[in-house]
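The values are calculated or read from the model by the stated rules, or taken from the named source; none is laboratory data. Just so it is clear, the model here is predicted, and its values are computed rather than measured. As a convention, Cβ positions derive from the backbone with ideal geometry for all residues, glycine included, and neighbour counts pool all protein chains shown. What goes into the accessible areas is simple: the full protein's heavy atoms, side chains included, and nothing from ligands, DNA or RNA. Shrake-Rupley method; radii C 1.70, N 1.55, O 1.52, S 1.80 Å.
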Amino acid sequence: MDSTELRLLIERYFHLGFENQVILDFLKNRHGITISLSTLKRRLRDYGLKRRGAQIEDQELREILLREISGPGQLRGYRAVWHSLRLKHHIHVPRERVANLLRELNPDGTRERRRRKLTRRRYISYGPNFCWHVDGKN
């Protein structure tokens, strides 16, 4: 296996949020690659992958959060937004920081989620059989 392919595997499993031992198990069982824990830690450090202490400015994080909560992601809470930051954007920041910024950026949505009173989507149907639900409900 090429070192580039190994790097991509390690980065993928890291960004999916797996712990180091689980990454080692995946590499061994799924890909037939055996490396030690210290080697994995050294490679994570060499690749610049950190679980804590992400170096991202608040303004840049605000812009990403605004894009995440506009549109279909507007009803998601801070944990779901934090999870998508990790998976889609490869940004590892504390959940508390995401919660504070979401409270600042979208106070109405935070208040509605806290009260468990979310706004439902509204559909406009132009006639019979124009709009179908995938789950078969009206």
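Within the accessible surface of the stretch 1-86, defined with a 1.4 Å probe on protein heavy atoms only, the carbon and sulfur portion equals 48 percent. Note on the stretch 3-50: dipole from Cβ charges, positive end direction compared against 4, 16, 49; the farthest Cα belongs to 49. Rg and Dmax of the stretch 22-80, based on Cα coordinates, read 17.3, 44 Å. Toward the positive end of the charge dipole of the stretch 52-104, with +1 on the Cβ of Lys and Arg and -1 on the Cβ of Asp and Glu, the farthest Cα among 66, 83, 101 is that of 83. Estimated at 0.36 nm per residue, the fully extended path between residue 84 and residue 66 surpasses their Cα-Cα distance by 5.2 nm. Inter-label distance, residue 103 to residue 42: 4.4 nm, where each label sits 7 Å from its Cα along the C-beta direction. The H on the amide N of residue 91, modeled in the peptide plane, is under 5 Å from the matching H of 86, each at least 5 residues off or on a different chain.
Per-residue 3J(HN,Hα) values for the stretch 59-67, derived from phi via the Karplus relation 6.51 cos²θ - 1.76 cosθ + 1.60 with θ = phi - 60°, read 5, 5, 5, 4, 4, 5, 5, 4, 5 Hz in sequence order (x marks Gly and Pro).
A DSSP coil position with no more than 14 other Cβ atoms inside 10 Å describes the following GluC sites (Glu not before Pro) in the stretch 47-101: 57. Net charge of the neighbourhood of residue 31, taken over other residues with C-beta under 13 Å away and scored Lys/Arg +1, Asp/Glu -1, is +1. A Cβ-based charge dipole, computed about the Cα centre of the stretch 1-118 with Lys and Arg at +1 and Asp and Glu at -1, lands at about 540 debye.
Each principal axis of the stretch 54-97 carries a Cα extent, and these read 28, 18, 17 Å when sorted largest first.
Along the stretch 10-15 the Karplus relation, 6.51 cos²θ - 1.76 cosθ + 1.60 evaluated at θ = phi - 60°, assigns HN-Hα couplings of 4, 5, 4, 5, 5, 6 Hz to successive residues, with x for each Gly and Pro. Extending 7 Å from Cα along the Cβ direction at residue 7 and again at residue 33 yields two label points whose distance is 1.2 nm.
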